[in-house]
Amino acid sequence: MALDAAQTAGHTDNGIIAFEGLPNTRDLGGMPTSDGCRIRPRLLLRSGLLARATDGDLARLRDEYDLRLDIDLRTNDECAERPDPIDAFPGLRFVHLPVFEEAASGVSRSQADMDRVRAQVARGAAEPSELMITLYPHMLLDDCGIEAYTAFFREILACTEGAALWHCTAGKDRCGMASVFIECALGVPWEVIEADYMATNRFYGIAVEDGIPADPFEGVDRRYLAAAKDAVDREFGGMLGYIERALGVDAAARAELRDRYLGE
């Protein structure tokens, strides 16, 4: 299998951590920046549902990664169905930052929402890819998403010790966009950011042809990310413009992030 842009640039196996119950938990450490730096390892982690973690996984997150911040981007219903195992981490700061207040077709993963969406698809009332392409800009431009991602950066900036982890249910859409933002803020090239986003398909074993996953809900699609990028390009002149003007992460804040999270 050909290496993607992130792997070619030295982000070994897209940062996957070999956990027992967490198939899409990854370390951003090793990702390159445009000016020759790399993200430091064991500090910035992206993940899917933590409720699936085994005792061994939880011990590794606690002891190997010194997990200090857990940012949950899910809806209230998702959190109630499968809460995070926060008791396993003494001293952990848990922050709930829902990107959507209500169920969002194909992105939020409460059982009721997925049952409803799949029923719509089965009767021909919705086309999965189009649902996702339409929904992605709302993650970035609706008030709830802006509030969540603004607070996401605020919490990351306040986490001065140990590792920070953010997640949704599958670790691909809401978590994927949070990862895009922090990578952009740190200066990671866009082709590497896109490769990190698309790597979810590998770790869930989803077949992809021409950038399109066999399962539009379970996988990620370049068209979803492009829809989000096109929306902020129109509204803010680019991703950095969105990060600065919508999320309030100015040049000084980005410099602080770079000082903390980048090395040679």
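The values are calculated or read from the model by the stated rules, or taken from the named source; none is laboratory data. Keep in mind the model is a prediction, meaning the values are calculated, not measured. Cβ: placed from backbone, ideal geometry, glycine included. Neighbour counts: every protein chain shown.
Entry remark, region 160-181: residues being in contact with a strand residue (DSSP E or B) (Cβ under 7 Å, 6 or more places away or on another chain), assigned to a loop (DSSP other than H, G, I, E, B) and either among the basic types (Lys, Arg) or surrounded by fewer than 24 Cβ atoms within 10 Å (Cβ to Cβ) (or both) number 2 in total.
Residues checked against (1) crowded, with 17+ Cβ neighbours inside 10 Å; (2) within 21 Å of Phe203 (Cβ to Cβ); (3) aromatic (Phe, Trp, Tyr); (4) more than 18 Å from the chain's Cα centre (by Cα):
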{"residue": "Asn24", "(1), (2), (3), (4)": "yes, yes, no, no"}
{"residue": "Leu49", "(1), (2), (3), (4)": "yes, yes, no, no"}
{"residue": "Leu58", "(1), (2), (3), (4)": "yes, yes, no, yes"}
{"residue": "Leu61", "(1), (2), (3), (4)": "yes, yes, no, no"}
{"residue": "Thr75", "(1), (2), (3), (4)": "yes, no, no, no"}
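Of the residues screened, Ala199 is one that is buried (at least 20 other Cβ atoms within 10 Å of the Cβ), modelled with pLDDT of 95 or more and of a type outside the set (Asp, Glu).
Arg68 meets the conditions (1) assigned to a strand (DSSP E or B); (2) crowded, with 22+ Cβ neighbours inside 10 Å; (3) not polar (S, T, N, Q) in every case but one. The failed one is (2). If the condition is being acidic (Asp, Glu) and over 16 Å from Arg174 (Cβ atoms), then region 195-225 contributes Glu209, Asp210, Asp215.
Does region 86-104 hold any residues that are of a type outside the set (D, E, K, R) and modelled with pLDDT under 85, and which are they? Correct list: Ala103, Ala104.
The sole residue among Ala18, Ala2 that is free of Cβ contacts under 8 Å to residues at least 12 places away in the same chain and more than 30 Å from Glu81 (Cα to Cα) is Ala2.
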